[in-house]
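The values are calculated or read from the model by the stated rules, or taken from the named source; none is laboratory data. All values reported here derive from a predicted model rather than from experimental measurement. Every residue, glycine as well, gets a Cβ built from its backbone with ideal geometry; the counts of neighbours run over all protein chains shown. For accessibility, only protein heavy atoms count, side chains too; no ligands or nucleic acids. Shrake-Rupley method; radii C 1.70, N 1.55, O 1.52, S 1.80 Å.
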Amino acid sequence: MKQTIKLRVNPKSSALARVMGMYVRRGIDIEHLLVEKEERSDFSTMTITMDCDTFKLEQMIRQLSKQIDVIAIQKLSGESH
């Protein structure tokens, strides 16, 4: 199932590396990644689309919420193939 989440993060290269490392360690393939600098703040937005089940998605959200550079997480969609 394709799942999409949006993260608001501190704009550090280490933040991107930490988030990507979590996906690699859990064996979740990222289908789409978009990182944008927010115009009116000092934060960046990461939009990530992955192919995983709901359990793995919820696990990733819990783990990402523990990351110091992740400010907010929003689940955007979950649609079957």
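Would you be able to tell me the number of residues in region 39-52 that are within 12 Å of residue 8 (Cβ to Cβ) and either in contact with a strand residue (DSSP E or B) (Cβ under 6 Å, 6 or more places away or on another chain) or assigned to a helix (DSSP H, G or I) (or both)? Working first, answer last.
First pass over region 39-52, keeping only residues within 12 Å of residue 8 (Cβ to Cβ): 41-47.
With the extra rule that they be either in contact with a strand residue (DSSP E or B) (Cβ under 6 Å, 6 or more places away or on another chain) or assigned to a helix (DSSP H, G or I) (or both), the set shrinks to 43-47.
The number of residues fulfilling the criteria is 5.
Considering every residue within region 53-70, establish whether at least one is part of a strand (DSSP E or B), at pLDDT 90 or above and either among the aromatic types (Phe, Trp, Tyr) or closer than 14 Å to residue 6 by Cα (or both). Looking for residues that are part of a strand (DSSP E or B), at pLDDT 90 or above and either among the aromatic types (Phe, Trp, Tyr) or closer than 14 Å to residue 6 by Cα (or both), one finds at least one in region 53-70, hence yes. Residue pairs whose Cβ atoms lie under 7 Å apart, separated by 6 or more positions or on different chains, with the first residue in region 27-41 and surrounded by 11 or more Cβ atoms within 10 Å (Cβ to Cβ) and the second assigned to a loop (DSSP other than H, G, I, E, B), are 28/52. On the basis of being in a helix (DSSP H, G or I), at negative phi and exposed (fewer than 14 other Cβ atoms within 10 Å of the Cβ), does residue 14 make the cut? Taking the combined requirement at face value, the residue satisfies it. When residue 24 is tested against the conditions (1) without any contact (Cβ under 8 Å) to a residue 60 or more places away in the chain; (2) open to solvent by less than 80 Å² (accessible area, probe 1.4 Å); (3) among the β-branched types (Val, Ile, Thr), the lone failure is (2).
When the residues of region 42-81 are narrowed to those that are of a type in the set (Gly, Ala, Ser) and more than 11 Å from the chain's Cα centre (by Cα), which ends up surrounded by the fewest Cβ atoms within 10 Å (Cβ to Cβ)?
In this case the residue turns out to be 80.
Regarding residue 6, is this residue open to solvent by 70 Å² or more (accessible area, probe 1.4 Å), touching a strand residue (DSSP E or B) at 6+ places or on another chain (Cβ under 9 Å) and not hydrophobic (A, V, I, L, M, F, W, C)?
Criteria met by residue 6.
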